[in-house]
Amino acid sequence: MNKELQARLNQIPEKILSQEFLESRGLGNEIGFWIFDYNPEDELQVREHINFMTDMLSKKHSHLKVVHINLLQTLKDYLDSRNFTDKAITMQTAKGNLALLKALSGPLHMEKFAPFMVERYNAAEQDIVLITGIGSVWPVLRAHDLLNKLHALLGHRPLVMFYPGQYTGQSMSLFGRITSNNYYRAFKLAP
């Protein structure tokens, strides 16, 4: 167990239960989006903690509406709803990953996927939105594209994305290897 990571994970409940967080106050009119970054090698420890935390929140803070969105499951549900899953599997087998990625770029455009996700989980009506699985859906979905579109759909709704990589407050590096020069209007949670 990574003790430094566990100490950071243990800070999350206090932070997300604060009135400042829940009301997106003190952010200088910025959006209430937060990123919890971690080493990809610690994925299982983070998953275990998120399960513990969501269970604790549902029991001890049942007045709060908290949704945990796993992007891999959401992506599968989206493809199923559009009858693309079998077609995607067939295409990937016959033509490879690049052909599949190109074919899915239209159907998985954030103008289509993000509204599906928000509606499916009623995310705009939640007190807290937790997002996991960005590493599982890369390169099909990109964190910056999703966050940018969710801003328009969720506004100041507090959101935490758990990110297997590094977030500097200005840029993200998925898995600590895939650098993105895009700007993110999000704050680092539990530095």
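See the values below:
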read-out: Coarse-grained scattering of the chain at q = 0.10, 0.14 Å⁻¹, given as base-10 log I(q)/I(0) from a Debye sum over alpha-carbon atoms; value: -0.41, -0.81
read-out: Listed residues Q45, F175, F21: farthest to the positive end of the dipole of the chain (Cβ charges); value: F175
read-out: Förster radius 22 Å - calculated FRET efficiency between A124 and R185, Cβ distance, rounded to 0.05; value: 0.80
read-out: Over the chain: helical MRE at 222 nm, DSSP H runs n ≥ 4 each giving -39500 (n - 2.57), nearest 500; value: -14500 deg cm²/dmol
read-out: Overall dimensions of the stretch 48-112 as given by Cα atoms, namely Rg and Dmax in Å; value: 17.0, 50
read-out: Peptides 150-160, 135-145 ordered by average Cβ neighbours within 10 Å, highest first; value: 150-160, 135-145
read-out: Stretchable slack from N10 to K59, in nm (0.36 nm times residue separation minus alpha-carbon distance); value: 15.9 nm
read-out: Computed over the stretch 84-191: relative contact order in percent, which uses C-alpha pairs under 8 Å that are six or more apart; value: 20 percent
read-out: Pairs of lysine residues in the stretch 15-139 - Cα separation under 17 Å, sequence separation of 8 or more or cross-chain; value: 7
read-out: The chain, relative contact order in percent, only Cα pairs under 8 angstrom and at least six apart counted; value: 36 percent
read-out: Sorted by Cβ neighbour density within 10 Å, fewest at the top, the residues E4, E48; value: E4, E48
read-out: Three semi-axes of the equivalent ellipsoid, the stretch 84-154, Cα gyration tensor, whole Å, largest first; value: 26, 12, 11
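Values quoted throughout were computed directly from the atomic coordinates according to the rules given, and no laboratory measurement underlies them. A quick note: this is a predicted structure, and the numbers were derived from the prediction, not measured. Please note: Cβ atoms are built from the backbone with ideal geometry, for glycine as well, and neighbour counts cover all protein chains shown.
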